[in-house]
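Structure first, then comments.
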Amino acid sequence: MTSGPMSGPDQTRVLLEAVDLHKSFGPTPALDGAGLGVRAGEVVAVMGPSGSGKSTLLHCLAGILTPDKGTVRYRDVELSAMGDGARSELRRTDFGFVFQFGQLVPELSCLENVALPLRLGSVKRKEAESRAREWLERLEVADVADKRPGETSGGQGQRVAVARALVTGPRVVFADEPTGALDSLNGERVMQLLVTAAKETNAAVVLVTHEPRVAAYSDREVVVRDGKSREMEPVT
Amino acid sequence: MRWADDLVLGIRLAVGGSRTSWARLALTAAGVGLGVTVLLLAASIGPAREAKSHRVQAASVDSTPGDAKLKARHVSVSWQGRLITGVELAATAPDAPAPPGVGRIPGPGELVVSPELLDLMRTEDSVRARFPESVIGVIADAGLPRPKSLIFYAGLPEAHHDSAHPAAGFGSGRPPATLLPIYRLLMVAAISALLVPLGIFVLVATRLGATGRAQRLAAIRLVGASRTQIRWIASGETLTGAVLGLFVGVALFFAARPLARFIEVEGVGFFPTDLLPDPLLGALIALGVPVVAVLSALLALRTEDVGPLGLSRAVELPRHRAGWRFGLIGAGAALIVVISAIGGYWQVMADARLAVGLGLGIALVLAGTGAVLPWLVGKVAHRLEPDGIAPLLALRTLRFDAGTPRVLSGVVVVLTGSLTLQVLLGVAAQFTAAPPSDTPDRWVLDLPPRAEVRSLEEAIALVGGVRQVSEVRVHPFRGGLVTSTDCVEIAERLDVDDCVNGSAYLVGSAPAPGTKLKINGQDWVVPQHKKANGDLWGLVVAGGADPVLASVPPTELVVRGDPDESFGDRLLAATGRADRGVTLRRQFEAGQVELFASLRSGVIGGSVLLTLLAVIGLAAAAVDQVWERRRPTAVLAANGVPPKVLAVSALWQSAIPAAVGIGLAIPIGLGTAWLVAPSGRFRVDWTEIATTVAAAAVVVLVVSLCTLPALRSAIRPASLRTE
């Protein structure tokens, strides 16, 4: 577990909270009063049809996008009040990301990709690569360590991405359609590994998906429709 | 040292090892390398000129009075308009020095020649016939102004000892000739015309693959790199290409240097060893190119906000402001007008500071023209609404494409500069040249001291086409000159029609008739004379039968014969057999002709080289763009747009900016030349303009052809894959 800029675990309290978020892209509204709270160690699935605003909600929660109105608080600090440097550091230390595609740097090997967030945070190369290798082994992709992402299969690539998301010991992992480009078998395996590893490190997971099969891995579900969010009954 | 780690990460990304990253790196290195080669060549011009002028100086006969050890006589031979110059030498002391590059002073009947002259003598019997001596050696590089110099050293024949002058050795202390102000003006303008497009080219080369790079940097932003870190990473990435390009450029320069020996354009050439960049300029290039590359990368990041999700979607296209672009042209034109108003054209040409100022004015106009093109292309792309799908696709792409207009800016600067320079060189030629001769059939032969006139006249009489030979004798006395020649020459040069033997005319002032003068040791009485005007000076006497004037040896023989150039060659061939010291007077001074030729060849060579660079740059930018837009292209193809339409669209994409560029370059180039040229001397070479338009069409076609393989690959269904 990292000791990021906001260390000090407290699992009963809400770790990350979005309240009454509004966000428009030009004349098109994406969020219209959406909100969400995430506690440490829990897996929250954000569901909804295409264009409902679920990815925008995830980007606002991660501090990648700034909402037009409303607040996003991470451990009692409002993200929109943070500068670019602080938010970058937050992404590096406290957050991890797994997207559908495009998040791995094609020029770097899988090992270098996983070590990248550590290297950006001034961890020495040997140590960074040693920790990266451990995570590749945990996610069963140690054999592709020296390959570039383009030389791996889709499932292997996503597992490398999961390893990279978890290597810094984040408190929250944001996963946007992590299995969207995978077949069902590979998708299942990636989800198992992601959720297991997150639980082991007590990281919360915000999981954007429109597949009920993927959402089944979550502790609870939030549905986003027309920019508004609604909590679903607990998953049994 | 956080920044150093980020810089290293950037370098690691540049040498990523994937096919795309290697291709990008190779293209950037090739582009920057070509730019560096040209810059190194430009930085070598000064030292090369200096090295050449040192060799010329070292080989010049030192005639300063003092310890004479040699007798020397300058001679020349003309062959098909080419001048072969030489020195006839005889040692008068045992320690007489040999000329540089020559082992020993050739004796009578011996000849040492330059390698080029030796080749010419071997291949052309008519040249060999001009040299009855036997060749005993070849002049080494140290004794040659340039590799293809046509020079020789011959033993001084006994018969010419009297007409030779004493010399101490070789290497006079005379400083090398400085450039006339007009050449400073032309050089400032030419260097601007060369450097501006080169800078643009280096900029374009370092920004190839910008979209891919933005995606890469976004991925790194996502995992927590700050904006500052991204700047260092991007700098490291660009720096790799630039430094590699620097090495490629240096390697290309040294690889191409030996070719200098074989290249000579219009009488200008250098030895490979002459081409060594000025140390200061070399250091400036070594530092400047990477700095420019990094600055361009940082500048790009300033306008493109790379966020964790990619290029910021909210960023509006940068507004092309027109004010400063036209401001540059306006400021340049104003500077030209103001300087022209301070002094007339001829005064400006005589004053180095005014000439440099005028050159700067031209440079500002050129820079402004280059800057206006992207703006103008943007305007055209937004205004035009064509019916055809191919031009429509091209125009829509051009709205977002900065690469093509940017490279074309370089071409437009070259074009504008070359149009301006060609007009100015035309004016310079008129300035340097003597006024056109009214009497092209009149050939003047300057005779060496104590030449054997009789045998020369006999040799001339044998040349076909000779109608008349006039002897001209000049005798100076205190306060004037007495020129004695025949009535044909006097009638022509003084424009009189009453000349008979014994007639005397006065141009300027002279002693009164009846005054006694000493001519050639004999008494001579100034005759009655009439006032006249013309291009002779002093007292001019038709002195055919005057024994005193006839005793003065002639200094010129004026031959009337055919007006064509070969007649001059034949004359010199004939007189050369009797005495190679006879020279044919020409309309240009040799040094000025060489300077003029060096500038013209510089403009032509530079334009060709930069056009080639531009073609490479345009092709690279076009292929890069097709590669980066392969997904939308694949979508278009999948939706049924025929490949032919996509190919024609690529053609339009180059053709539209090229047409706008030519439309801009021609009026601005000619307009600038019109402002600079003196009234009445402005001439437009329409053939050159037609050639330019044709060359542009070829460039567009070549660039479009280069994109075809990339286009064919892009329209494959596999390009639809996103991951």
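Some points to look at:
- Least to most buried among A:His210, B:His382, B:His475 (fewest other Cβ within 10 Å first): B:His382, A:His210, B:His475
- Annotation for the range B:70-157: GluC sites (Glu not before Pro) lying in DSSP loop with at most 13 further Cβ atoms inside 10 Å of their Cβ are B:Glu124.
- Viscosity 1.306 mPa s, temperature 10 °C, Stokes-Einstein D of the range B:63-167 from Kirkwood C-alpha radius, µm²/s: 113
- q = 0.08 Å⁻¹, chain A: log10 I(q)/I(0) [Debye, one scatterer per Cα]: -0.27
- Using the Cβ-Cβ distance between B:Leu701 and B:Leu295 with R0 set to 41 Å, the FRET efficiency from 1/(1 + (r/R0)^6) comes to roughly 0.75.
- Compactness of the range A:100-236, expressed as Rg and Dmax over alpha-carbon positions, Å: 15.4, 48
- Nearby lysines by direct alpha-carbon distance to A:Lys126 (threshold 26 angstrom, same-chain neighbours under 8 apart not counted): A:Lys147
- Segment B:Arg2-B:Thr515, length gained on full extension (0.36 nm per residue, minus Cα span): 174.9 nm
- When you filter the GluC sites (Glu not before Pro) in the range A:138-224 for DSSP loop state and at most 14 other Cβ atoms inside 10 Å of their Cβ, you are left with A:Glu140.
- Phi to ³J(HN,Hα) by Karplus 6.51 cos²θ - 1.76 cosθ + 1.60 over the range A:46-63, Hz, x for Gly, Pro: 9, 10, x, x, 4, x, 7, x, 5, 5, 5, 4, 4, 5, 5, 4, 7, x
- Taking the Cα centre of the protein assembly as shown as reference, the dipole from Cβ charges on Lys and Arg (+1) and Asp and Glu (-1) amounts to some 2400 debye.
- Ellipsoid semi-axes in whole angstrom, largest first, where each is sqrt(5λ) of the Cα gyration tensor of the range B:442-585: 28, 17, 12
- Per-residue extension of 0.36 nm, minus the Cα-Cα distance of B:Asp495 and B:Arg450, leaves a gain of 13.1 nm for this segment.
- As a calculated quantity, the FRET efficiency between B:Ala334 and B:Asp67 at R0 = 41 Å, using C-beta atoms, amounts to about 0.10.
- Rounded to whole Å, the principal axis extents of the Cα atoms in the range A:16-121 read 41, 31, 30, largest first.
- Hits among aspartates and glutamates - C-alpha to C-alpha of A:Lys199 under 12 Å, sequence gap 8 or more where chains match: A:Glu42, A:Asp219
- All C-alpha pair distances within the range A:197-236, sorted into 5 Å bins from zero, spread as 6, 19, 27, 26, 14, 6, 2 percent across the bins.
- Take every pair of alpha-carbon atoms less than 8 Å apart whose residues are at least six positions apart; their mean separation over the length of the range B:63-167 yields a relative contact order of 39 percent.
- By the rule of a second cysteine Cβ within less than 4.7 angstrom, the protein assembly as shown holds isolated cysteines at A:Cys60, A:Cys110, B:Cys706.
- With contacts taken as Cα pairs under 8 Å at a separation of at least 6 residues, chain A carries a relative contact order of 29 percent.
- Averaged over the residues of A:103-111, the number of partner chain Cβ atoms lying within 10 Å of the residue Cβ comes to 6.
- Net lengthening on full extension, B:Val525/B:Ala58 (0.36 nm per residue, minus Cα-Cα): 163.3 nm
- Contact order relative to length of the range B:442-585, as percent, for alpha carbon pairs under 8 angstrom and 6 or more apart: 40
- Calculated [222 nm] ellipticity per residue, helices only, for the protein assembly as shown: -17000 deg cm²/dmol; basis is -39500 (n - 2.57) per DSSP H run with n ≥ 4, divided by all residues, nearest 500.
- Considering only beta bridges that DSSP places wholly inside chain A, some 55 percent are antiparallel.
- Bridges between two residues of the range B:63-167, per DSSP, are antiparallel at a rate of about 65%.
- Over all projection directions, the Cα-based convex hull of the protein assembly as shown averages an area of 51.5 nm².
Bear in mind that the values in this text are calculations on the coordinates, not laboratory data. Since the model is a prediction, treat every value here as computed from it, not as a measurement. Reconstructed Cβ throughout: ideal geometry from the backbone, glycine too, with neighbour counts over all protein chains shown.
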